[in-house]
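Here the structure comes first, spelled out in structure tokens, and everything after it is commentary.
The values are calculated or read from the model by the stated rules, or taken from the named source; none is laboratory data. Keep in mind the model is a prediction, meaning the values are calculated, not measured. Every residue, glycine as well, gets a Cβ built from its backbone with ideal geometry; the counts of neighbours run over all protein chains shown. Please note that ligands, DNA and RNA were not included when accessible areas were found on the heavy atoms of the full protein model with its side chains. Shrake-Rupley method; radii C 1.70, N 1.55, O 1.52, S 1.80 Å.
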Amino acid sequence: MQALLEKLTQIPGPSGAEHLVRSAVQQEIEGFADAMYTDALGNLLARKGRRTDGGLRVMVAAHLDEIGVIVTHVDENGFVRFAPLGGVSPRYAPGGRVRFLNGVGGVIGLERTEDRTSAPPLEKMFIDVGAGKRSDCPVAVGDVAVFERPFEQLGGRWISKAMDDRVGVALLIEALKRLGDTPHEVYFVFSAQEEVGVRGATTAAFGVEPDLGLAVDVTMTGDTPKGVTMEVALGKGPAVKVKDRGMIADPRVVRWMTRTAERSGIPYQREILEYGSTDGRAIQLSRAGTPTGVLSIPCRYVHSPSEMVDAGDVKQALDLLLALLSAPIELGD
Ligand code: CO
Ligand code: ZN
């Protein structure tokens, strides 16, 4: 898992330019799915299993894309102005390195401001790609970049850029490879453009028309000094989402997930996240609505270039995902 996660997190894949990550996933799962295809938005869909009596069509989604930046303007001196792709925090940006998809690197600089205590907005920042003038600038309007930061193991923890949501992508890959007999027809969806508003999952869910939806994504934690007030902590097991800003998880799905964890002896945490949402929202609101839940990986420093997860949580999330997909599903009422 660590090697796969290290490989996946280091590939650049800002929203709308997921192709490099997508082909890496394609290579990983080649031969393990019954069918595999890419749709118009750039989602990769892999189907496994045949729906039997009592089986469901299940859509499991993790997003390929990561937050990044897009060039909006290059000035006379070759400095690049940019806009965010997804939730880029100005507080994490200055001094950070970016890498464009064409290989060009850059550092994020700041205009001089009177107020040195708070982070200025992204409009007051620029990317210095080492060009002396506009005509020498190796990037153009519309080029995209991601934050660059290496993968590192720190004790039982892993840090990297793009842990959101390559950890989910890695979990889907492993689940697809290890899933044996299942009464379900499972669509593993590696979705595009989640960070700009769950766009890939929206069209994928419409196309798949699942009976049940499950997103796999990171969630924040409340376990750092004076951090957000939140129950979820690193190292206490995967989280079962109850609610976030964009969805109220189907209570029947929440019960199915927590019961399965209890029966399988897998620790879990109940999650209420007051910020953000996931592909689960898009699946839940697809067509006439789909019973949907979210399996969350606790993650510190979400949307910073150094997102941290716990190796034990990731392993237990895989155990839970496999337990959920292997047995008949009784949602009850
Ligand atoms: Co995100
Ligand atoms: Zn995410």
Legend entry - Filter pass, GLY332 being at positive phi and surrounded by fewer than 24 Cβ atoms within 10 Å (Cβ to Cβ): yes
Legend entry - Filtered residues of segment 212-257 (kept if within 16 Å of ligand 1 (Cβ to nearest atom), in contact (Cβ under 8 Å) with a residue 60 or more places away in the chain and open to solvent by 40 Å² or more (accessible area, probe 1.4 Å)): MET220
Legend entry - Candidates MET36, MET59, filtered to the one that is surrounded by 13 or more Cβ atoms within 10 Å (Cβ to Cβ), free of Cβ contacts under 8 Å to residues at least 60 places away in the same chain and within 18 Å of VAL169 (Cβ to Cβ): MET36
Legend entry - strands (runs of 3 or more DSSP E) contained entirely in segment 92-165, each with at least 1 residues that are loosely packed, with under 12 Cβ neighbours inside 10 Å and outside the structural domain of ASP310 (by TED's automatic domain parsing): 152-154
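Among the residues in segment 265-280, are any within 16 Å of ligand 1 (Cβ to nearest atom) and in a helix (DSSP H, G or I)? Quick ask: steps written out before the conclusion?
Step one: filter segment 265-280 for residues within 16 Å of ligand 1 (Cβ to nearest atom), giving 271, 273-280.
Checking the rest, the ones that are also in a helix (DSSP H, G or I) come to 279-280.
Yes: segment 265-280 contains one or more residues that are within 16 Å of ligand 1 (Cβ to nearest atom) and in a helix (DSSP H, G or I).
What's the total number of residues in segment 189-228 that are in a strand (DSSP E or B) and within 16 Å of ligand 2 (Cβ to nearest atom)?
So the first thing to find is which residues in segment 189-228 are in a strand (DSSP E or B), and the list is 189-191, 212-219.
Now drop any that are not within 16 Å of ligand 2 (Cβ to nearest atom), which leaves 189-191, 213-219.
The qualifying residues number 10.
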Legend entry - Odd one out for VAL169, checked against (1) among the aliphatic types (A, V, I, L, M); (2) out of contact with any helix residue (DSSP H, G or I) (no Cβ under 8 Å at 6 or more places or on another chain); (3) under 24 Å from PRO298 (Cβ atoms): (2)
Inset, instruction - Report, by residue number, each residue of segment 133-168 that is among the basic types (Lys, Arg) and within 16 Å of ligand 2 (Cβ to nearest atom). - result: LYS161, ARG166
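Yes or no: LEU318 open to solvent by 40 Å² or more (accessible area, probe 1.4 Å), away from ligand 1 (no atom under 16 Å from the Cβ), over 19 Å from GLY222 (Cα atoms) and assigned by TED's automatic domain parsing to the domain that holds GLY237?
Details: open to solvent by 40 Å² or more (accessible area, probe 1.4 Å): no; away from ligand 1 (no atom under 16 Å from the Cβ): yes; over 19 Å from GLY222 (Cα atoms): yes; assigned by TED's automatic domain parsing to the domain that holds GLY237: yes.
The answer is no for LEU318.
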Inset, instruction - Answer yes or no: is there a residue in segment 178-188 that is crowded, with 20+ Cβ neighbours inside 10 Å and among the acidic types (Asp, Glu). - result: yes
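ARG287 - would you say it is among the basic types (Lys, Arg) and either over 17 Å from the mean Cα position of the chain (by Cα) or not assigned by TED's automatic domain parsing to the domain that holds MET59 (or both)?
Details: among the basic types (Lys, Arg): yes; either over 17 Å from the mean Cα position of the chain (by Cα) or not assigned by TED's automatic domain parsing to the domain that holds MET59 (or both): yes.
Answer is yes for this residue.
Run down GLY130, GLY180, GLY168, GLY200 and say which single residue is more than 16 Å from ligand 1 (Cβ to nearest atom) and under 30 Å from ASP319 (Cα atoms). It would help to see each step written out before you state the result.
Working: GLY130 fails: under 30 Å from ASP319 (Cα atoms); GLY168 fails: more than 16 Å from ligand 1 (Cβ to nearest atom); GLY200 fails: more than 16 Å from ligand 1 (Cβ to nearest atom).
Answer to the check: GLY180.
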